[in-house]
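K.L.:
This is the structure I have questions about; it appears just below.
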Amino acid sequence: MPTAAHLVVVHRNRGAVCRRTVERFLAQADLTVTVVDNGSEPDELADLRDGLSGDVEVVEAGSNLGFGPGANVGLERWLAGPHEICLLAPHDARPLDGTVRRLLEEMRDHPSAGLACADVGDGEVPRIQPFLGPIGEPAGVAEGWEVADYPHGTLMALRRECVTDVGLFDERYFAYCEEADLGIRATRAGWQVGLVRGALVENPESGSEAATIDYLMVRNTLLLLGTHFGMRNAAFRATVVLVESAVGWWRPEVRGPYHTGRSRFMAVAHAATGRFGPP
């Protein structure tokens, strides 16, 4: 019997966590699994392999490629195989009971959908504002399929024909906003993108420092806007970032959880000079 779909998990330095993530997915569906290891320390890689099913392929990238480039390594394995649908998740994704089955069923029930994602439980739907970038809007449905602008990266599903049509992740992003870029390319090519409300997934940890997250989110948002909406839009967003950074410097209470002024100024400078890829 063929497996239901392919699963790609991107891992770095959370071996035991990643192994449990794979086990959670396999408890919900019969899947072909590829884990892409982004240059983990030897002990973490050993923790990953310890007790992992022999049917799970572990691909060692040898260095930290980033989420998008690491995912591409696994997605190429998927495209070389027979499956129509691929699930993609980071090493700490926790799909609740029934989530994997529902996500696969919804993709099969919506043949015009090229991309979809599970519900992270925030009550919002992913949107892209042409002058601000990825934002959240209040959910329009309480349960089931909801059209979105891009899929959450915590757990997404990709259709073979869509990816063949629009390509893999743009590796300039390294991490953050690459799923928004893919969503724009998919919708402009005529594919639908959706979120399955009620198919819940948790993402409880982050392996990156706040300064790195802030840098990548700002830099990559400017790349996204400049690429798809023009430099005027990117310049507007850069101005907003710089003003917010100046206000946040003097008024700490207005800072977000990842706000670091130096990182934001550096992100704007690097976006302006075309410096992308690893932070």
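The values are calculated or read from the model by the stated rules, or taken from the named source; none is laboratory data. A quick note: this is a predicted structure, and the numbers were derived from the prediction, not measured. All Cβ positions, glycine included, derive from the backbone under ideal geometry; neighbour counts span all protein chains shown.
K.L.:
Might you check whether a residue that is touching a residue at least 24 places away in the same chain (Cβ under 8 Å), in a helix (DSSP H, G or I) and closer than 17 Å to residue 276 by Cα occurs anywhere in region 151-173?
P.N.:
no
K.L.:
State whether one or more residues within region 69-78 are under 22 Å from residue 190 (Cα atoms), of a type in the set (Phe, Trp, Tyr) and more than 14 Å from the chain's Cα centre (by Cα).
P.N.:
Among the residues of region 69-78, not one is under 22 Å from residue 190 (Cα atoms), of a type in the set (Phe, Trp, Tyr) and more than 14 Å from the chain's Cα centre (by Cα), which makes the answer no.
K.L.:
On to the next question. Check 43, 47 and return the single one that is assigned to a helix (DSSP H, G or I), among the charged types (D, E, K, R), surrounded by 17 or more Cβ atoms within 10 Å (Cβ to Cβ) and more than 18 Å from the chain's Cα centre (by Cα).
P.N.:
Of the residues listed, the single one that is assigned to a helix (DSSP H, G or I), among the charged types (D, E, K, R), surrounded by 17 or more Cβ atoms within 10 Å (Cβ to Cβ) and more than 18 Å from the chain's Cα centre (by Cα) is 47.
K.L.:
Which condition number in (1) at pLDDT 95 or above; (2) of a type outside the set (A, V, I, L, M); (3) more than 26 Å from residue 145 (Cβ to Cβ) is the one that residue 197 fails?
P.N.:
Checking residue 197 against (1) at pLDDT 95 or above; (2) of a type outside the set (A, V, I, L, M); (3) more than 26 Å from residue 145 (Cβ to Cβ), the one that fails is (3).
K.L.:
Condition test on residue 94, is it crowded, with 17+ Cβ neighbours inside 10 Å, at pLDDT 95 or above and closer than 25 Å to residue 15 by Cβ?
P.N.:
yes
K.L.:
Quick check on residue 234: is it surrounded by fewer than 23 Cβ atoms within 10 Å (Cβ to Cβ) and not β-branched (Val, Ile, Thr)?
P.N.:
For residue 234, the condition - surrounded by fewer than 23 Cβ atoms within 10 Å (Cβ to Cβ) and not β-branched (Val, Ile, Thr) - is not met.
K.L.:
Can you name every residue in region 53-78 that is outside any helix (DSSP H, G or I), of a type in the set (A, V, I, L, M, F, W, C) and buried (at least 19 other Cβ atoms within 10 Å of the Cβ)?
P.N.:
Hits for region 53-78 are 56, 61, 65.
K.L.:
Same structure again: Filter region 1-11 for residues that are out of contact with any His (no Cβ under 7 Å at 6 or more places or on another chain) and touching a residue at least 40 places away in the same chain (Cβ under 8 Å); which is surrounded by the fewest Cβ atoms within 10 Å (Cβ to Cβ)?
P.N.:
Only one residue tops the list, namely 2.
K.L.:
Of all the residues that make up region 1-40, how many are among the charged types (D, E, K, R) and touching a Lys or Arg at 6+ places or on another chain (Cβ under 9 Å)? Steps first, please.
P.N.:
Start the filter on region 1-40 by keeping residues that are among the charged types (D, E, K, R), which leaves 12, 14, 19-20, 23-24, 30, 37.
When the remaining residues are screened for being touching a Lys or Arg at 6+ places or on another chain (Cβ under 9 Å), the result is 19-20, 24, 37.
Number satisfying all stated conditions: 4.
K.L.:
Within region 237-277, can you find the residues that are in a loop (DSSP other than H, G, I, E, B) and modelled with pLDDT under 95?
P.N.:
Within region 237-277, 251, 255, 256, 257, 258, 259, 260 meet the criteria.
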